[in-house]
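Undergrad: Could you have a look at this structure, given as structure tokens, before my questions?
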Amino acid sequence: MAEPSSSPSIFPQNISTRPPDDTVFFSIYPDSSLSPNPNSLSLLQSLHLEILNFISPYTSNYIYQHHPFSLSLNSSDPIPHLHGKLKYGDNLDDEWFVVFLLFEISKRFSSVSIRVFDTDGEFLLIEAAVHLPKWLNPSTSVNRVFIRGGGLCIVPKSRFNSCPNLREALRFLQDCGESVCRVEENVGECIRSRIKGFVERVDYNMHRVRVRVPVTVASVLRNEPCLIALAVEGFYDRDIDSMKYAGKMERFLPNGSGEEFVVVSVKMSRAMYAQLVQQNFQAPKCYPMPSRSEGRVYSEAELGMKIACGFEMIYQCRKRDGEEGKGSTWEAFKASLERSGYFKGLLPGSKEYRSLMENAEEYYGKSSLHSRASDMMSAPVRRIDEILSTPCSPNDFKDGELPPSDDDSWLYNGEEELSAALLEREKEMGMFSSKDKKKQKSKEQQNAGMSSGEDYGLGDIANSMKAFVSKMSSYEGAEVPENRNLEDVDFDVERFMKDIESVMKLPRSDDADSDVAAEEGSSSDMDFDDFDYDSDGMEASLDNEEMNSFMGSYSDALNEELKTTTLDKSFIRANEQMMEASEGTSKGAGGAGEEFTPVDVDINLVKSLIDSFSSQEGLPGPATNLLGLMGLRLPQDAKKDK
């Protein structure tokens, strides 16, 4: 399966090009394909043959649900690679068998990176979803997940903040190695547990059963046991049109009721056996069946009848559609070489052309030995005709003792296995939930005292604000972290100070720099910190008596102005002791001083911040921004549902 080197999505949205739901796709990218190399094709062909030889012991006796594992060259892609696909249908074990093979290939060939996915996307990540980092999701995993060096690798976000293209990801794996992007142990363990001991599980997932079938069917199964998958497919996926062929049985029951029958042992996957047994099917009139009273004999004959009818239906349908042989002949292989530019535009018959042709024929001959099963599955008509062209008799199947049928109680008593699987998933989800709760509890503990007002020191807010104002702010503004991208404010300090001077009617002074301190003297108990007038354009000098006189007059005027408003009710007043201890109430203020008693600045500050924070309802806002600059974080309001 050729795929673009970079794509915004793993799968196109067009339904007509959407991959089938029961198919797994895989691609093998050697490191040598990332750099221009005149020998890239020969290197890819050599790798192809080495991989086929390596996996042959695993695949030779495996019975697939639909199609066997196959691997093809794609030399026309911008990144030449090997690719394949496998339809697993209802048997998920076939999909995980492919994953097992790919992990074994990555162990044996350390300089290759492998992708595997199906319609669900990166299904390896789905298997380990509860252990994945939060940043990894279907939209951020494109071109990030690979099998390399016998392990699962994820290209880290720190290296590519956005999804890399395929070439970038492969280059990163080649340069940095799988150790840099190897997944966490929990993620890897989830994948390994699915493929661990797969070779031993192959026999466990197979089922042997004795069946009574026509000699023609027995001959096909003896020569090509893997074709049982096509017989089950033809039976299970039958429709009205294909059942017409089963009603005649022209190919596998040519003599009708006079056809010879034999008992043979057939190996198939458990999924295939379930598909045959669990469906009721009436035998065609032309198909002889024993009496139901014969018990075991009838069961063997009924299962054999379903297999024979399946063969007939798949054979006739493939023959009608004319699909056999497509893409598996030498001509098709030669055409693909021509499209990829293998012959370099050379004239047929030339010396160099003949040399390339000999190499291609040699490679095709070697690779076809390993793709024989695939050719049979894609072109069953031709192979079945070859087998049935050789005469056979019932005596050919009477040698040797047939093994008994395997116990099929697993088909009816699978509750324990299902319960074990569900418990394993529940345990996994429980661990995830527990881990999530621990993280949440840890966050709550970090926000010390946030569960109640008593535990959280509200005085810290006032103290932090004072420290913030005194240490992090000046007439130029508040200092913020340097990494914030804030634009500078255009502020003319000299002009501002001149305006202040004109309002206060302060005398100008050309003396040297001086520091002026304004002591507490306001009836509203306002604190004025030291002012430093050390600018280049202005130098001021004030004596304490003139400053106190001005502040007193200013405070009296302000109190008189506010006396007719309700502003005084919006503040929290200081207690009586603080009122007695307060200084600086202007004598000229008269009754205004009695009404505008001192306020508690700290309490009002905290109250205003909390009110502002509460009004944000958990959203970002000025209160959280200011508190964040001071290094404080308030707890969220408790929900009042009562």
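The values are calculated or read from the model by the stated rules, or taken from the named source; none is laboratory data. These numbers were taken from a predicted model, which means no experiment stands behind them. Note: ideal-geometry Cβ built from the backbone for every residue, glycine included; neighbour counts use all protein chains shown. We work out accessible area using only protein heavy atoms, side chains counted, and drop any ligands, DNA or RNA first. Shrake-Rupley method; radii C 1.70, N 1.55, O 1.52, S 1.80 Å.
Undergrad: For Val262, enumerate residues with amide H under 5 Å from its amide H, sequence gap 5+ or separate chain, H modeled in the peptide plane.
TA: The answer is Val213, Val215.
Undergrad: So, one more: How about segment 108-169: which chymotrypsin sites (Phe, Trp or Tyr not before Pro) there lie in a loop by DSSP and see at most 11 other Cβ atoms within 10 Å? Walk me through the numbers before you get to the answer.
TA: Numbers: sites: Phe109, Phe117, Phe123, Trp135, Phe146, Phe160; in loops: Phe109, Trp135, Phe160.
Of the chymotrypsin sites (Phe, Trp or Tyr not before Pro), the ones in loops of segment 108-169 whose Cβ has at most 11 other Cβ atoms within 10 Å are Trp135.
Undergrad: Take the Cβ-Cβ distance between Arg192 and Asp611 as r, set R0 to 51 Å, and report the resulting FRET efficiency rounded to the nearest 0.05. Working shown, then result.
TA: Values: r = 55 Å, r/R0 = 1.09.
It comes to 0.40.
Undergrad: Taking 0.36 nm per residue of sequence separation and subtracting the Cα-Cα distance, how much length would be gained by fully extending the chain between Leu402 and Cys286, in nm to one decimal?
TA: Full-extension gain reported as 39.0 nm.
Undergrad: Among Lys85/Lys267; Lys107/Lys344; Lys85/Lys134; Lys248/Lys398, which pairs are too far apart, with a Cα-Cα distance over 26 Å? Mind dumping the intermediate values first?
TA: Values: Lys85/Lys267 24 Å; Lys107/Lys344 35 Å; Lys85/Lys134 30 Å; Lys248/Lys398 28 Å.
Cα-Cα > 26 Å for Lys107/Lys344; Lys85/Lys134; Lys248/Lys398; rest within.
Undergrad: Sorted by accessible area with a 1.4 angstrom probe, largest first, how do Val601, Val211 fall?
TA: Working: Val601 80, Val211 0 Å².
In descending accessible area the options line up as Val601, Val211.
Undergrad: In addition: List residues of segment 273-306, by number, whose backbone nitrogen lies under 15 Å from a label position 7 Å along Cα→C-beta of Asn255.
TA: Correct set: 287-288.
Undergrad: Given labels modelled 7 Å from the Cα in the Cβ direction, how far is it in nm from Ser393 to Asn548?
TA: 13.6 nm
Undergrad: Sticking with this structure for a sec: Over what distance in Å are the Cα centres of segment 36-55 and segment 145-205 separated?
TA: Centre-to-centre distance over Cα atoms comes out at 22 Å.
Undergrad: Placing +1 on the Cβ of each Lys and Arg and -1 on the Cβ of each Asp and Glu in segment 66-206, which of Gly149, Tyr204, Ile126 has its Cα farthest towards the positive end of the resulting dipole?
TA: The one lying farthest along the dipole's positive direction is Gly149.
Undergrad: Only four residue types carry charge here, +1 at the Cβ of Lys and Arg and -1 at the Cβ of Asp and Glu. Report the dipole size of segment 76-226 about the Cα centre in Debye, rounded to the nearest 20. Kindly include the intermediate steps, with their values, before the conclusion.
TA: Values: 21 positive and 19 negative charges, 41 e Å.
About 200 debye.
Undergrad: Just want the answer: with Cβ charges of +1 for Lys and Arg and -1 for Asp and Glu, which residue in Cys190, Ala218, Ser106 is farthest toward the dipole's positive end in segment 99-257?
TA: Among Cys190, Ala218, Ser106, the one farthest towards the positive end of the dipole of segment 99-257 is Ala218.
Undergrad: How do His131, His81 rank by accessible surface area computed with a 1.4 Å probe, from largest to smallest? Show your work: numbers first, answer last.
TA: Working: His131 35, His81 0 Å².
The residues order as His131, His81, largest area first.
Undergrad: Still on this structure, I have one more. Express the accessible area of segment 143-251 per residue in Å², computed with a 1.4 Å probe while the remaining protein chains stay in the model. Kindly include the intermediate steps, with their values, before the conclusion.
TA: Details: 5010 Å² over 109 residues.
That works out to 46 Å² for each residue.
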